[in-house]
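Scroll down for the structure; my scribbles are underneath it.
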Ligand SMILES: NC(=O)c1ccc[n+]([C@@H]2O[C@H](COP(=O)([O-])OP(=O)(O)OC[C@H]3O[C@@H](n4cnc5c(N)ncnc54)[C@H](OP(=O)(O)O)[C@@H]3O)[C@@H](O)[C@H]2O)c1
């Protein structure tokens, strides 16, 4: 297939098309005139999500664990994106089942349906040898997918934007807590990236339609912060004097274990696992700059979050 304007036959199917990242990928692809299928277990959510957009995707019902539904969703697609997440295990929905087996099954269905491009969303730090079952499954998933279909693996750092579960929470808590607890001593390095920049990058990769084998991209924002520096940056942006205190990871783990029982799991053990290690894009892997994307500064993203909070109030 040649590069250039997408034709109506270039259908892109986005698993996780209702998610924080997935819905933005869908939106950017529609803006670039692709025909888009947004796959969800709850297709009625698709219509609601895109009701005020100029164009809406086709809503397709499929659970990634259901091979027949997956094949139907994928058939006829030019490209498939796997932006399905699982942050807390429930019953048969384990990290291994969703991030390894189902991801590989989706890649196999895409290969059998002669899809041209497969994009697997993973994360920085994914490691098949990790002691964390979550990080290990993400690493094993990358291998399982890439050995099934020559894929593009996308590893974002922690993603930020209105409705995120990271920066929005920090902004809210910094406003109310008299003393803010650090993860450990707050020295973990992060490179928060605006979710819209990641969605733009993925839409560019689909538009470019590069031939060839598997590749890995790591996407980080414009600045690397320690966790402590990030909290101070947010507080300065909000014009708040912040008091910080170290808190051991073991205590965070206990809190996360409890929080996972609450709806929406405000804190999860895999988040704690991820916070134990630096989450910074590798200098030797391609990133946003290779796609000519200038990442948005965190100050700008905080302003967007504040504006979204005001509109929702
Ligand atoms: N958020 C971050 O900061 C971050 C950072 C690095 C990497 N990532 C990775 O980026 C990807 C997207 O994350 P996100 O934060 O955008 O996720 P999210 O907001 O939690 O969205 C998850 C999506 O997965 C879909 N989904 C879940 N289980 C499914 C199943 N069994 N079958 C079909 N669809 C299913 C959901 O669709 P329905 O509920 O509508 O069915 C939803 O659209 C994930 O791989 C995540 O690990 C995220």
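No lab work stands behind these numbers, since they all come straight from the coordinates. Here the structure is a predicted model, which is why all the values come from computation and not from measurement. Here the Cβ positions follow ideal geometry from the backbone for every residue, glycine too, while neighbour counts run over all protein chains shown.
Observations
- Normalising the Debye intensity of the range 1-107 to I(0), with uniform scatterers on Cα atoms only, and taking log10 at q = 0.21 Å⁻¹ returns -1.10.
- For the range 169-313, the ratio of Cα radius of gyration to the globular rule of thumb 2.2 N^0.38 Å stands at 1.19.
- Of the three principal axes defined by the Cα atoms of the range 198-247, the extents in descending order read 51, 23, 14 Å.
- Between residue 294 and residue 278, the contour length at 0.36 nm per residue exceeds the Cα-Cα span by 3.5 nm.
- Estimated 222 nm signal from helices in the chain, with DSSP H stretches of n ≥ 4 weighted -39500 (n - 2.57), rounded to 500: -11000 deg cm²/dmol
- Taking each residue as 0.36 nm, the span from residue 41 to residue 251 lengthens on full extension beyond its C-alpha to C-alpha distance by 72.1 nm.
- Relative contact order of the chain, defined on C-alpha pairs under 8 angstrom at six or more residues apart (%): 17 percent
- Given in Å, the Rg to one decimal and the Dmax to the nearest whole number for the Cα atoms of the range 163-249 are 16.9, 54.
- Looking at the chain alone, DSSP beta bridges between its own residues are antiparallel in about 10 percent of cases.
- Helix 133-146 axis, angle to the chain major axis (alpha carbon atoms, nearest 10°): 20 degrees
- Packing-based ranking of 81-87, 175-181, 10-16 yields 10-16, 81-87, 175-181, ordered from highest to lowest mean Cβ neighbour count within 10 Å.
- Selected from 38, 108, 250 as most flexible by GNM, with the chain as the system and alpha-carbon contacts under 10 Å: 250
- Stokes-Einstein D for the range 253-313, Kirkwood Rh over Cα pairs, 10 °C, 1.306 mPa s (µm²/s): 105 µm²/s
- Spacing of the modelled spin labels on residue 258 and residue 54, each 7 Å from Cα toward Cβ, amounts to 5.0 nm.
- Gaussian network model of the chain, springs between alpha carbon atoms under 10 Å - residue of 277, 78, 90 with greatest fluctuation: 90
- Pairwise label distance in nanometres, residue 208 with residue 303, each label 7 Å out on the Cα-Cβ vector: 2.9 nm
- Nearest-ten-degree value, helix 298-312 long axis tilted from longest Cα axis of the chain: 90 degrees
- Relative to the longest principal axis of the Cα atoms of the chain, the long axis of helix 227-238 makes an angle of roughly 80 degrees.
- Per-peptide average of other Cβ atoms within 10 Å, ordering 230-238, 146-154 highest first: 146-154, 230-238
- Where Rh is the Kirkwood radius over Cα pairs, Rg/Rh for the chain: 0.96
- Column: log10 I(q)/I(0), Debye, Cα scatterers of the range 95-162, q = 0.12, 0.16, 0.27, 0.29 Å⁻¹: -0.30, -0.51, -1.13, -1.22
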